[in-house]
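Undergrad: My questions all concern the structure below.
The values are calculated or read from the model by the stated rules, or taken from the named source; none is laboratory data. Just so we're clear, the structure is a prediction, and the values are computed from it rather than from any experiment. As a convention, Cβ positions derive from the backbone with ideal geometry for all residues, glycine included, and neighbour counts pool all protein chains shown.
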Number of protein chains: 2
Amino acid sequence: MGEAQVSLRHLYRVFTKPEHQDSKLAQIEQHLSDNILDFLSQHVVTKKTSLEEIEQDFSDSRVPESPEFVSSHAESLLDKLVAHSVNTYSPTFIGHMTSALPYFHLPLSKLMVGLNQNLVKIETSKAFTPLERQVLGMMHNLVYDEDEAFYQRYLHSALHSLGAFCSGGTIANITALWVARNKALGPQKGFAGVSREGLAAAYRHYGINNLGLMCSKRGHYSLSKAVDALGIGRQQLLALPCPTQTLKPEDALKAGKAYQEAGNQLLAIVGVGGTTETGHVDPLDELADVANELGCWFHVDAAWGGATLFSKQYRHKLKGIERADSVTIDAHKQMYVPMGAGMALFKDPENANVVRHHAQYILREGSKDLGATTLEGSRNGMAMMVYSSLHIFGRRGYELLIDQSIEKAKTFADMINRHPDFELITTPTLSLLTYRVCPKAIQARLKVAADDEINALNQTLDRLVVNVQKLQREAGKSFVSRTRLEIPGYPDRSVTVFRVVLANPLTTHHDLAAILAEQHMIASGTSDWQDLEDGKYSLTA
Amino acid sequence: MGEAQVSLRHLYRVFTKPEHQDSKLAQIEQHLSDNILDFLSQHVVTKKTSLEEIEQDFSDSRVPESPEFVSSHAESLLDKLVAHSVNTYSPTFIGHMTSALPYFHLPLSKLMVGLNQNLVKIETSKAFTPLERQVLGMMHNLVYDEDEAFYQRYLHSALHSLGAFCSGGTIANITALWVARNKALGPQKGFAGVSREGLAAAYRHYGINNLGLMCSKRGHYSLSKAVDALGIGRQQLLALPCPTQTLKPEDALKAGKAYQEAGNQLLAIVGVGGTTETGHVDPLDELADVANELGCWFHVDAAWGGATLFSKQYRHKLKGIERADSVTIDAHKQMYVPMGAGMALFKDPENANVVRHHAQYILREGSKDLGATTLEGSRNGMAMMVYSSLHIFGRRGYELLIDQSIEKAKTFADMINRHPDFELITTPTLSLLTYRVCPKAIQARLKVAADDEINALNQTLDRLVVNVQKLQREAGKSFVSRTRLEIPGYPDRSVTVFRVVLANPLTTHHDLAAILAEQHMIASGTSDWQDLEDGKYSLTA
C-alpha cells in the first residue's frame, strides 16, 4: 500500500484539492451516482464469509503510523468493508427495517457533510436551526394537528419546544421519558425538583417507593435502557404479557392500580405504534384513557409506525396518538431518510423546559439554541434530509409509499395462508408479519394434539425455523429475520418465527414468492422436516 | 414551484433513477466536488440577515401536500438554507470547533449513506461491526497503550467492550458516567444492583445520602445534563472554582473528603482534556491520584483535546489520561471527521457489561451486536469515516495537524501580546485562547486602580467586547466567539473575553492579523472606547 508524503503541504492538499476524477474514490462515487443497485451487486459479496474471517481484516489495534494515499485506501475499503457489508437495498432482504433510499439522499448527504453545521447552537448552524424547528413543527402537526395560531406562537419560540431531534429512536424515547420524569417529580415548596435534587431525594419528598414505566412485552428494548439510565431501574419496567401482541387496556388499568396501591408512582404508559417484532399497534385511544385515569404520562413509541399518519386510508390505525404527551418517530425508518434521524415530539410546548439547560458561552438564556433542551450536544444537519424528503415526497408521496407497503404485506400474508406448508403467525397491521414453515400434516395435528405433543412439535418447528433462516441467510440471495413470540394458541411457551418487514419499495410480489419457495426448498431438505413428516419428533426433545 | 407527479411509478423512479447530470442537484454536487470553498463563498451569503428574517422561510408548519421536483427543491435549498448557513470552512471563522474537512469525506459520506448500514447489530452491518470495534481499539490503544495480547484478547470479544461509539461527546460522557454509576452501585448480596433496582433503592442499600460528580467550573455542560438524566441531580455536580482554568488537585481532594464525610459517595472526578472555553488541560496525573485516594471513578473528557495524543511533542500535556477509567474523544473535532463521531473508551473491557442489555430478536446473548452496550440503538456507519481518516492521515499526519494548530495558537498569542490595545487573558495550552480588546492606557490603569475602579473598567470593557464581537460577526468577514471567565486578577467577578479556536488548517497568520486589525478598528469606533480613553467610565455602571 502506498505511503503518502507526510508534509503540511500534502495535508493542506487533502483539505483543498479534490481527488482527481479518475481516482478510485471518484470512480466509486460515480458508480454510486449512476447506479447504486449495480454498485452494490457488483461489490457486496453474497457468498458466506464468517464473521471471524472478516474480523481478520480488522484485527490490528495500532493506529497506522504513516499516511496512506486516498486511492489505495479506497481500494481497500471496497475489498475489506464494502464487500462484506449488508446490501440493504436488496429487494429480497426483508428481515430488517433498513431499506433502499431515494437517490436524492446521496448528493444531499454530501451537501450536509460539506456544510458541516453543528445544530447545538445558532452560531454554528444559523438557518439550520429554524429549519429543524420547522421539521419538528411539521411532524408535530402531523401527529397533533393543532391550529395555525398554535404553530405561529410556538414554532420559533425561544421559550418553547415542539420536540427534540435525536440520533435515533432510543435517544428519542429516553428524552421523552426524561422529560416525563422531571415533570412528574418537579419542584414544589421545599423541593427543588428531581432535575436539581436527584431521584432519591425526589422519592423521599414525594413519598413514593418506586417509579414505574408500563408497556407490553413487545415494547422496544430502548425502554429497558431508558429505565436503567434514568435511574428508575429495570425491575420497574412493567412489561405486561401480550399473547395477542398488544397491551390490553383493562390489563394496563388493573396492573397500574395495583402498582399505585403498593405505594408506587406510575410514571408513564408507553403505547407502541408499530412493534419492532410484529408491527402491531397498541390500542392507543383506550390506553390514553387508562393513562388519564391513572394520572400518568402517556408516551407513544411510533418510531416505526408514525409515518402511517401520512396515509388517509391507514392513519386511523394510530387513533389516539394525538392524545399522547410525547411521541417518538424515526424518519430513518418509513420516511426513507438515512440512518440518524429520530424525533421526540411534545404535545405541550412547555414541557421540554423541565430539562432546559443554560451555559455561559453557549445555550445562553433567551437564545434559540437547540442544544438547551436536547439530550445530545453537537449534532449534524440531518434535519435537512427530513426537510427535503417532506418536500420531495409530500404527504401524498409518503401516503403512496405507506399504502403500498401495507398492501404488499397483506399480499404476502395471503401467499403464506394459501401455501399448505406455511403458517401465518401474526397478521400484518402495518407492513410487518411473522410466520413459520410447518408441514401441512403437522398443522392439522397441532389442532388436535395434547399439550405434550404440541410442545414437542413446536420445539422441532422452532429448530427448523432457526435452521432455515440461517441457511437462507448463508445462501446470500435473501434474508428474513427471526424472533420468538408468545402466541394465543400456545399459552405456556413461545414459538420461533420468521419476521418480515416489507418496507423496501423495490420488493416485488415475485421476490416474495421466490423467498417463500426458497424457504420451502431449504426446509424440506432438512432432517427435522423428514422427522416431522415421519412422525419421529420426540415428545421430550 | 413545480408539482411532481404522484404515482407509484414516479416514486419508484426516485429510488431507482439518479438525477440527470444537468439537474440542479447534480450541479450542486459537482460544484462541491470541484471546489467546496468556491461553492461556499458563492452560495453562503455573508451579509447580515436576522434570525427572524430567516425564520420567515421556515414558518409553515404544514406538511407539504404534494411532491416537489427534486431540482426545484434543490434550488430552494440553495436560496433558503445554504445561503443562510454558516461557512464553517472559512479560515476567518475561528470562533467554534467545527472547521473545514478533508475532501475525501465528501465521497465517503455518499458511500456511507449509500450503504445505509445500521450498527446496532451484525445482521444489518456485518463488516462494519468489526470495523467499529477496530476503530475503538485503535483509540483505546492511543490512550491506554496496552500490549498486543490485550488487544488480541478483547478487540473482538463478544463479552467485552473497549468503548462505545456515540453520536457525540455528550452521549459519550453520559455513557461513561452511566457505566461508572452502575459499577459503583452494583449487585451485592440482597441487592440486584442499581441497573435493576434503581437509584433510590441503591442509595438505601449502600446507605448514602447522595452521589456526587466533581469537575471544575470549566467542565462541559454535558456533565450537568448527565447528572440530571442519570438521576443524580444537578446539585450534586460539584463544579469547583478554577480561576486558573484548571481543577486544583488539592482542592479536589479537600472537597471530595468533605463530601464523603457528610455521608455522600463521590461517583467520579472528571478531568478535562481541553476545556471548551479555553483549551486548558486539568492536571490529569494528579487528579488520578486524588480519585485513587478518594476511591472513585476517574473520567477524562478529552472530547476536544484527545487527538493531541497523536503528537509526540505535545502528548505529554495529557499525561495521566492513561490512568482514567473512561475517556471521551470526539473524532468530529480535532480528527476532522464530519459531525457525529463521539467515542467513550473504557480502560477495563469488562466495565461496559454493567449496562449490557439483551433482547430476543436482537442483541442476543453471546452475539457481538454493538447495540448491547451502547446507549443508542440504531446508528449509522460513521465509524468508517474515523477508520478512513486514521488510515489516510496516519499518526504522523494527525501529528502535523495538531502541531500546526498549537503553534498557530502560540503565534496568535504573540500577536496579541505585542499589540498595545489587546490583552491576552488565557495562554494557549492547546489551540484555544482568549483575549480582549483593552486600550493600552486602561491596561496600565487596571494594574494600579482600586477595586471599585477596576470593576467599573471591567464592566465597560465587557460591554466593549460584546459589542465588537457582535459587530464583527455581523460584518460577515470573520467570526470569533465570546464567553465569560473568572480570572486570577479579578477574584470577585468574571470578565467577558473573545474566544478563539485555531483548528482550521486553512487559517493563516495573515488571517489572524486581519481579524485583530478588524477588531481594533471596530473597537476604536465605539463610544465605549472613546469613554475609556476620555476616562469617562462610570464607577457604578
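Undergrad: Residues that are farther than 25 Å from B:Thr49 by Cβ and polar (S, T, N, Q): list the helices (runs of 4 or more DSSP H) wholly contained in the stretch B:451-541 that include at least 3 such residues.
TA: On the way: elements: B:451-475, B:509-524, B:527-534.
The qualifying helices (runs of 4 or more DSSP H) are B:451-475.
Undergrad: Answer with yes or no whether B:Val179 is in contact (Cβ under 8 Å) with a residue 24 or more places away in the chain and part of a loop (DSSP other than H, G, I, E, B).
TA: no
Undergrad: Looking at the structure I just gave you, is B:Val300 buried (at least 24 other Cβ atoms within 10 Å of the Cβ) and under 28 Å from B:His205 (Cβ atoms)? Can you show your working first?
TA: On the way: buried (at least 24 other Cβ atoms within 10 Å of the Cβ): yes; under 28 Å from B:His205 (Cβ atoms): no.
No: the conditions fail for B:Val300.
Undergrad: Looking only at the stretch A:461-492, which residues are within 12 Å of chain B (Cβ to nearest Cβ) and within 30 Å of A:Leu40 (Cα to Cα)?
TA: Selection gives A:Val466, A:Gln469, A:Lys470, A:Arg473, A:Gly476, A:Phe479, A:Val480, A:Ser481, A:Arg482, A:Thr483.
Undergrad: Now a separate question. Restricting to the stretch A:379-423, and then to whatever is closer than 22 Å to A:Thr278 by Cα and among the β-branched types (Val, Ile, Thr), can you tell me which residue is nearest to the other protein chains (Cβ to nearest Cβ)?
TA: Going through the qualifying residues, I end up with A:Ile402.
Undergrad: Working only within the stretch B:119-141, note down all residues that are polar (S, T, N, Q) and modelled with pLDDT of 95 or more.
TA: Hits for the stretch B:119-141 are B:Thr129, B:Gln134, B:Asn141.
Undergrad: Among the residues of the stretch A:176-200 satisfying the criterion of being more than 10 Å from chain B (Cβ to nearest Cβ) and among the small types (Gly, Ala, Ser), which is nearest to B:Ile232 (Cα to Cα)?
TA: Filtering the stretch A:176-200 for residues that are more than 10 Å from chain B (Cβ to nearest Cβ) and among the small types (Gly, Ala, Ser), the one nearest to B:Ile232 (Cα to Cα) comes out as A:Gly186.
Undergrad: Could I ask something else about it? As an exercise: evaluate B:Leu211 against (1) within 8 Å of another protein chain (Cβ to nearest Cβ); (2) of a type outside the set (Val, Ile, Thr); (3) more than 22 Å from A:Gly377 (Cα to Cα); (4) surrounded by fewer than 21 Cβ atoms within 10 Å (Cβ to Cβ) and give the number of the one condition it does not meet.
TA: All conditions pass for B:Leu211, except number (4).
Undergrad: Test each condition in (1) touching a Cys at 6+ places or on another chain (Cβ under 7 Å); (2) assigned to a helix (DSSP H, G or I) for B:Ala268 and report the one that comes out false.
TA: Among (1) touching a Cys at 6+ places or on another chain (Cβ under 7 Å); (2) assigned to a helix (DSSP H, G or I), B:Ala268 violates only (2).
Undergrad: Kindly list the number of the only condition in (1) touching a Leu at 6+ places or on another chain (Cβ under 9 Å); (2) in a loop (DSSP other than H, G, I, E, B) that fails for A:Thr246.
TA: The one condition A:Thr246 does not meet is (1).
Undergrad: Does A:Thr175 count as closer than 27 Å to A:Thr276 by Cβ and out of contact with any Phe, Trp or Tyr (no Cβ under 7 Å at 6 or more places or on another chain)?
TA: Answer is yes for this residue.
Undergrad: Something else now. Mind counting the residues in the stretch B:333-352 that are without any contact (Cβ under 8 Å) to a residue 24 or more places away in the chain and either crowded, with 24+ Cβ neighbours inside 10 Å or not in a loop (DSSP other than H, G, I, E, B) (or both)?
TA: Residues flagged as without any contact (Cβ under 8 Å) to a residue 24 or more places away in the chain and either crowded, with 24+ Cβ neighbours inside 10 Å or not in a loop (DSSP other than H, G, I, E, B) (or both) within the stretch B:333-352 amount to 0.
Undergrad: Being at the interface with chain B (Cβ under 8 Å from one of its Cβ atoms) and of a type in the set (A, V, I, L, M, F, W, C) is the filter here; which residues of the stretch A:75-95 pass it?
TA: Hits for the stretch A:75-95 are A:Leu77, A:Leu81, A:Val82, A:Ala83, A:Val86.
Undergrad: While we're looking at this one, here's another question. May I ask you to say which residue of B:Leu32, B:Leu51, B:Leu40, B:Leu11 is within 7 Å of chain A (Cβ to nearest Cβ) and closer than 21 Å to A:Glu132 by Cβ?
TA: Result: B:Leu51 is the single residue among B:Leu32, B:Leu51, B:Leu40, B:Leu11 that is within 7 Å of chain A (Cβ to nearest Cβ) and closer than 21 Å to A:Glu132 by Cβ.
Undergrad: Please work out which one of (1) touching an Asp or Glu at 6+ places or on another chain (Cβ under 8 Å); (2) of a type in the set (A, V, I, L, M, F, W, C); (3) buried (at least 24 other Cβ atoms within 10 Å of the Cβ) is the condition B:Cys242 fails and give its number.
TA: Answer for B:Cys242: the failing condition is (3).
Undergrad: Between B:Ala514, B:Ala523, B:Ala475, which is in contact (Cβ under 8 Å) with a residue 24 or more places away in the chain, in contact with a helix residue (DSSP H, G or I) (Cβ under 7 Å, 6 or more places away or on another chain) and aliphatic (A, V, I, L, M)?
TA: B:Ala523
Undergrad: Mind listing just one residue for me: the one in the stretch B:153-176 that is in a helix (DSSP H, G or I) and surrounded by fewer than 24 Cβ atoms within 10 Å (Cβ to Cβ) and, of those, farthest from the chain's Cα centre (by Cα)? Reasoning before the result, please.
TA: Applying the first criterion (in a helix (DSSP H, G or I)) to the stretch B:153-176 yields B:153-154, B:169-176.
Among the residues that remain, those that are also surrounded by fewer than 24 Cβ atoms within 10 Å (Cβ to Cβ) are: B:153-154.
Details: B:Arg153: 31, B:Tyr154: 28 Å.
Among residues in the stretch B:153-176 that are in a helix (DSSP H, G or I) and surrounded by fewer than 24 Cβ atoms within 10 Å (Cβ to Cβ), the one farthest from the chain's Cα centre (by Cα) is B:Arg153.
Undergrad: Do you know which residues across the stretch B:380-397 are closer than 17 Å to A:Val82 by Cα and touching a Phe, Trp or Tyr at 6+ places or on another chain (Cβ under 6 Å)? Please lay out each step first, then the result.
TA: First, pick out the residues of the stretch B:380-397 that are closer than 17 Å to A:Val82 by Cα: B:380-389, B:391.
Selection gives B:Gly381, B:Ala383.
Undergrad: Which of the residues belonging to the stretch B:96-115 are more than 7 Å from every other protein chain (Cβ to nearest Cβ) and under 19 Å from B:Ile406 (Cβ atoms)?
TA: B:Met97, B:Ser99
Undergrad: Now, a different point. Conditions first: (1) surrounded by fewer than 22 Cβ atoms within 10 Å (Cβ to Cβ); (2) among the charged types (D, E, K, R); (3) farther than 29 Å from A:Val480 by Cα. B:Glu123 passes all but one, so which condition is the exception?
TA: (3)
Undergrad: Among what's in the stretch A:408-452 and is free of Cβ contacts under 8 Å to residues at least 12 places away in the same chain and of a type in the set (D, E, K, R), pick the residue that is surrounded by the most Cβ atoms within 10 Å (Cβ to Cβ).
TA: So the residue we want is A:Asp414.
Undergrad: Have a look at A:Arg499, A:Arg484 and point out the one that is of a type in the set (Lys, Arg), touching a strand residue (DSSP E or B) at 6+ places or on another chain (Cβ under 6 Å) and within 18 Å of A:Pro428 (Cβ to Cβ).
TA: It is A:Arg499.
Undergrad: For B:Ser367, indicate whether it is within 13 Å of another protein chain (Cβ to nearest Cβ), surrounded by fewer than 22 Cβ atoms within 10 Å (Cβ to Cβ), among the small types (Gly, Ala, Ser) and at negative phi.
TA: Yes: the conditions hold for B:Ser367.
Undergrad: Here's a follow-up. Does B:Asp330 satisfy the condition of being within 14 Å of chain A (Cβ to nearest Cβ), among the charged types (D, E, K, R), buried (at least 24 other Cβ atoms within 10 Å of the Cβ) and under 28 Å from B:Thr98 (Cα atoms)?
TA: In short, yes.
Undergrad: Filter the stretch A:286-308 for residues that are in contact with a Phe, Trp or Tyr (Cβ under 9 Å, 6 or more places away or on another chain) and within 14 Å of chain B (Cβ to nearest Cβ) and give the result.
TA: Within the stretch A:286-308, A:Ala307, A:Thr308 meet the criteria.
Undergrad: Mind listing whichever residues of the stretch B:255-281 are of a type in the set (A, V, I, L, M) and over 18 Å from B:Pro428 (Cα atoms)? Quick ask: steps written out before the conclusion?
TA: Step one: of the stretch B:255-281, the residues of a type in the set (A, V, I, L, M) are B:255, B:258, B:262, B:266-270, B:272, B:281.
Correct list: B:Ala255, B:Ala258, B:Ala262, B:Leu266, B:Leu267, B:Ala268, B:Ile269, B:Val270.
Undergrad: Can you say whether B:Val63 is surrounded by 15 or more Cβ atoms within 10 Å (Cβ to Cβ), at the interface with chain A (Cβ under 8 Å from one of its Cβ atoms) and not aromatic (Phe, Trp, Tyr), as far as the supplied structure shows? Reasoning before the result, please.
TA: Numbers: surrounded by 15 or more Cβ atoms within 10 Å (Cβ to Cβ): yes; at the interface with chain A (Cβ under 8 Å from one of its Cβ atoms): yes; not aromatic (Phe, Trp, Tyr): yes.
Criteria met by B:Val63.
Undergrad: Among the residues in the stretch B:106-122, are any over 18 Å from A:Leu78 (Cβ atoms), part of a helix (DSSP H, G or I) and touching a residue at least 60 places away in the same chain (Cβ under 8 Å)?
TA: Checked the stretch B:106-122: at least one residue is over 18 Å from A:Leu78 (Cβ atoms), part of a helix (DSSP H, G or I) and touching a residue at least 60 places away in the same chain (Cβ under 8 Å).
Undergrad: Next question. For the stretch A:295-311, enumerate the residues that are within 13 Å of the chain's Cα centre (by Cα), not acidic (Asp, Glu) and not in a loop (DSSP other than H, G, I, E, B). It would help to see each step written out before you state the result.
TA: Let us first name the residues in the stretch A:295-311 that are within 13 Å of the chain's Cα centre (by Cα), namely A:301-307.
Now narrow it down to the ones that are not acidic (Asp, Glu): A:302-307.
Within the stretch A:295-311, A:Gly305, A:Gly306, A:Ala307 qualify.
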